[in-house]
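These notes are about the structure you will find just below.
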Ligand SMILES: Cc1cc2nc3c(=O)[nH]c(=O)nc-3n(C[C@H](O)[C@H](O)[C@H](O)COP(=O)(O)OP(=O)(O)OC[C@H]3O[C@@H](n4cnc5c(N)ncnc54)[C@H](O)[C@@H]3O)c2cc1C
């Protein structure tokens, strides 16, 4: 096993694999630790829907950029990714949800995402199975897309590997070596990989937390920013927000499949 890396990425899902690829592309020596099979957990099980208008302007801009990345994924990485820009209808069933759609249309316009209200008749042209009852408002976003989710993380893993990243499946991160300045290495059952930079590839859930680490005020690791310059900082749990009820989203491509054998999602 390799003994040092510029960056150790923990987890090979969509987030970790993407981080590994983009870091390797910028010339970093990257090691990807994956406790199970490569790209085998949540990411390949997602529905693969990519709506662009999100809860905040910055998330909306980020999602818009992500759709651009998905569209050019194969050209950029050389890896296959089934990508369908089917567009999305979003249906509000009451006035409160219709107000949410109004805010989404405004947010989309501000971020340059195509989205607007359509009539029920227009929506039915795109989705003939749509009934007319119980609908307060409908939006149509023509550039929303969906992808085959199993191909994304493994594609980024393989592309990162071609750029020199070391992929280490069945190799869990079990702890950190901590020095005066922060992280100095990541422990695994096969040995320690010396590195001053660790990137959790699992929205921080990959980190081998214990109570001492949680309470510690010692910098635990460096998290890369996108430039990619290491930022000192402690890992903290991302606060969870209670999920709010959202208007229903229907993807045209998925619905078309429901005419044959698969249910609409
Ligand atoms: C049913 C379902 C449908 C979804 N649909 C959508 C959708 O339509 N659109 C959308 O945008 N999102 C969707 N999501 C959400 C999306 O799948 C997740 O946000 C995304 O996959 C998270 O990626 P990840 O890389 O953080 O996690 P994962 O893919 O789970 O990757 C994390 C990896 O870290 C590894 N790991 C954990 N701890 C360690 C350790 N100590 N050492 C080494 N490796 C470790 C795990 O084994 C795992 O492989 C859906 C999710 C589900 C469950």
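The values are calculated or read from the model by the stated rules, or taken from the named source; none is laboratory data. Predicted, not measured: the structure shown is a model, and the values here were computed from it. Counting neighbours? That spans all protein chains shown, and the Cβs are built from the backbone with ideal geometry, glycine included.
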query: Are there any pairs, at least 6 apart or on different chains, whose C-beta atoms fall under 7 Å, with the first in the range 29-49 and in contact (Cβ under 8 Å) with a residue 40 or more places away in the chain and farther than 21 Å from residue 144 by Cα and the second within 6 Å of the ligand (Cβ to nearest atom) and part of a strand (DSSP E or B), and if so, which?
result: 33/10
- line: Of the residues in the range 34-59, those that are part of a loop (DSSP other than H, G, I, E, B) and more than 14 Å from the chain's Cα centre (by Cα) number 9
statement: Screening 76, 99, 161, 148 for residues that are surrounded by fewer than 19 Cβ atoms within 10 Å (Cβ to Cβ), more than 21 Å from the chain's Cα centre (by Cα) and farther than 14 Å from residue 51 by Cβ leaves only 99
- request: Could you tell me which numbered condition residue 62 fails, if it satisfies all but one of (1) under 15 Å from the mean Cα position of the chain (by Cα); (2) closer than 20 Å to residue 151 by Cβ; (3) surrounded by fewer than 20 Cβ atoms within 10 Å (Cβ to Cβ)?
  value: (2)
query: Somewhere in the range 10-19, is a residue more than 7 Å from the ligand (Cβ to nearest atom), under 17 Å from residue 169 (Cβ atoms), out of contact with any helix residue (DSSP H, G or I) (no Cβ under 9 Å at 6 or more places or on another chain) and outside any loop (DSSP other than H, G, I, E, B)?
result: no
- prompt: Checking residue 154 against (1) over 18 Å from the mean Cα position of the chain (by Cα); (2) not in a strand (DSSP E or B), which single condition isn't satisfied?
  reply: (1)
- prompt: Across the range 158-193, which residue is farthest from the ligand (Cβ to nearest atom) among those that are within 13 Å of residue 9 (Cβ to Cβ) and in a helix (DSSP H, G or I)?
  reply: 161
message: Would you confirm whether or not the range 33-49 contains a residue that is touching a helix residue (DSSP H, G or I) at 6+ places or on another chain (Cβ under 7 Å), at negative phi and away from the ligand (no atom under 11 Å from the Cβ)?
response: no
message: Looking at the range 194-208 only, could you name the residues that are farther than 11 Å from residue 176 by Cβ, more than 6 Å from the ligand (Cβ to nearest atom) and modelled with pLDDT under 90?
response: 199, 200, 204, 205
message: Please determine whether any residue of the range 60-76 is touching a helix residue (DSSP H, G or I) at 6+ places or on another chain (Cβ under 8 Å) and either part of a strand (DSSP E or B) or outside the structural domain of residue 123 (by TED's automatic domain parsing) (or both).
response: no
